[in-house]
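Take a look at the structure set out below.
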Amino acid sequence: QVQLVESGGGLVQPGGSLRLSCAASGSIFGFNTMGWYRQAPGKEREFVATITTSGSINVVDSVKGRFTISRDNAKNTVYLQMNSLKPEDTAVYYCNFRSGFRTNIWGQGTQVTVSS
């Protein structure tokens, strides 16, 4: 079973920056997609960004130009660099790992709070 360990969340002022990390461990092989989703209080979980093993990236429009997703395949780790943070970015951020059609793994989430 693949396990995900997230880190990097915290409290930051509007306009600040934060970098999230998610390390995957376990039976990892072949092509996969790793990424980030977030869930604000009273809201549904929403897509933020994903990146494949080969480097193909998708990012939600609301964070384009501010967030950058990257990965280190040797370490099976995905990162989310968040710049110019806004209060509306406040949410629990969940790491996600997908492989093939049947493997879909979630991290337990890390809190990001953007507030003055």
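The values are calculated or read from the model by the stated rules, or taken from the named source; none is laboratory data. Just so it is clear, the structure is predicted and the values come from calculations on it, not from any experiment. Cβ atoms come from the backbone with ideal geometry, glycine included; neighbour counts cover every protein chain shown. Surface areas here come from the heavy atoms of the whole protein model, side chains and all, with no ligands, DNA or RNA. Shrake-Rupley method; radii C 1.70, N 1.55, O 1.52, S 1.80 Å.
In whole percent, how big is the carbon plus sulfur part of the accessible area of the chain, probe 1.4 Å, protein atoms only?
Carbon plus sulfur share of accessible area: 48 percent.
Please report how far the C-alpha centroid of the range 81-116 lies from that of the range 1-19, rounded to the nearest whole angstrom.
7 Å
First obtain the Kirkwood hydrodynamic radius of the range 55-104 from its Cα pairs, then insert it into the Stokes-Einstein equation at 4 °C and 1.567 mPa s, and state the resulting D in µm² per second as a whole number.
101 µm²/s
Run the numbers for VAL5 and PHE31: contour at 0.36 nm per residue of separation, minus the present Cα-Cα distance, in nm.
Taking VAL5 through PHE31 to full extension adds about 7.4 nm, to one decimal.
What accessible area per residue, rounded to a whole number of Å², is obtained for the chain using a probe radius of 1.4 Å?
On a per-residue basis, 55 Å².
Quick one: which residues, 5+ away or cross-chain, put their amide H under 5 Å from the amide H of THR90? H built at 1.01 Å from N.
Counting only residues 5 or more places away or on other chains, the set is VAL114.
Please state, to two decimals, what the Cα-based radius of gyration of the range 13-116 comes to when divided by 2.2 N^0.38 Å (N = residues).
This ratio for the range 13-116 stands at 1.05.
Quick check for me: using +1 on Lys/Arg Cβ and -1 on Asp/Glu Cβ, what's the dipole size of the chain about its Cα centre, in debye to the nearest 20?
On the way: 11 positive and 7 negative charges, 29 e Å.
The calculation lands at about 140 debye.
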